[in-house]
Amino acid sequence: MEFDAHRSTAVCEPVPMSGGANRPRARSGRPTRESYDRVALEYTRNVADELDGKPFDRAFLERLALDARGRGIVCDMGCGPGHVGRYLADLGVRVVGMDLSTGMLAEARRRNPDIGYVLGDMRALPVDDGVWAGIVAFYAIVHLLPDELPQAFAEFARVTRTGGRLALAFHIGDEVVHRDEWWDHPVDLDFILHQPSAVGSALDSAGFHDVTVAERDPYPDVEYPSRRAYVEAVRD
Ligand SMILES: C[S@@+](CC[C@H](N)C(=O)[O-])C[C@H]1O[C@@H](n2cnc3c(N)ncnc32)[C@H](O)[C@@H]1O
């Protein structure tokens, strides 16, 4: 996804939070879930083909597929319309998708009838220990507060087998971007930017090693103009 904005920064210009600076405030998952339910169709129309214009992301996923293929199931966490998992599945990876939003899951199922999808919250995964060979979470931690990352990463570590891979993508920064409208639908979404160093040390504490970070600039005219981090790690 990206805040709004994979394609048109004009349509999707983010609105900095006012009053009390851009500091994250505590949120439950409900506003996020309901917001994505409302925009699921438009999100799919606008974002589901985005990898066509993102060569860096395709190469990143191709490397992950080389490592993960034949090793078990990889979860596309916060899958949205499922295009990231689709890309991996087409490269021979066994994929399951998970998302908080039933609307998003309906879109993912419609587009990818050969892939299984499960409703779930990354902060409390409805999954047994050690069942996955890897997790890819593209722009999925973007609604988690910094102090929610340890809980989510502990869950990622719990459900990933030893040697399994984790791959994250997110917007780099310290601010929070709020949207109350998206594609003409009312939403209540805080997009929380993260620093790669903080994400890396939270992963390390949660039980991952060999944390590597790559950064890239946004693709002009395709993406919201934030710098992006692509983080890989291996389960201890
Ligand atoms: C910005 S979209 C990214 C979707 C897709 N991965 C992509 O790259 O376009 C964020 C997705 O994460 C899901 N999500 C947000 N919070 C979540 C949580 N706590 N657990 C699981 N999914 C969550 C949202 O419903 C939404 O589909």
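Every read-out reported here was derived from the displayed coordinates using simple, explicitly stated rules and does not represent laboratory data. Remember, it's a predicted structure, so these values are computed and weren't measured experimentally. Glycine gets a Cβ as well: all are built from the backbone with ideal geometry, and neighbour counts include every protein chain shown.
Of note:
- Full extension of the chain between E215 and R30 yields a length gain of 63.5 nm, computed as 0.36 nm times the residue separation minus the alpha carbon distance.
- Every pair of different Cα atoms in segment 154-234 enters the Kirkwood calculation, which places the hydrodynamic radius at 14.3 Å.
- Summary value for the chain: 23 percent relative contact order, contacts being C-alpha pairs under 8 angstrom separated by 6+ residues.
- Alpha-carbon centroid distance for the pair segment 71-141 / segment 183-236, whole angstrom: 18
- Taking Cα centre as origin and charging only the Cβ of basic (Lys, Arg, +1) and acidic (Asp, Glu, -1) residues, the dipole magnitude of the chain rounds to 580 debye.
- Normalised Debye scattering of the chain at q = 0.09, 0.13, 0.18 Å⁻¹ gives log10 I(q)/I(0) of -0.32, -0.72, -1.54, counting only Cα atoms as equal scatterers and leaving out solvent.
- Under Karplus coefficients 6.51, -1.76 and 1.60, residue-wise ³J(HN,Hα) of segment 113-129 in Hz, glycine/proline x: x, 8, 10, x, 10, 9, 6, x, 10, 5, 7, 7, 6, x, 9, 6, 4
- The order of the peptides 102-110, 218-226, 82-90 by mean Cβ neighbours within 10 Å, most packed first, is 82-90, 102-110, 218-226.
- Burial order of peptide ranges 129-139, 166-176 (average beta-carbon count within 10 Å, highest first): 129-139, 166-176
- Peptides ranked, highest mean first, by Cβ atoms within 10 Å: ranges 69-76, 118-125: 69-76, 118-125
- The antiparallel fraction among DSSP beta bridges confined to the chain stands at about 55%.
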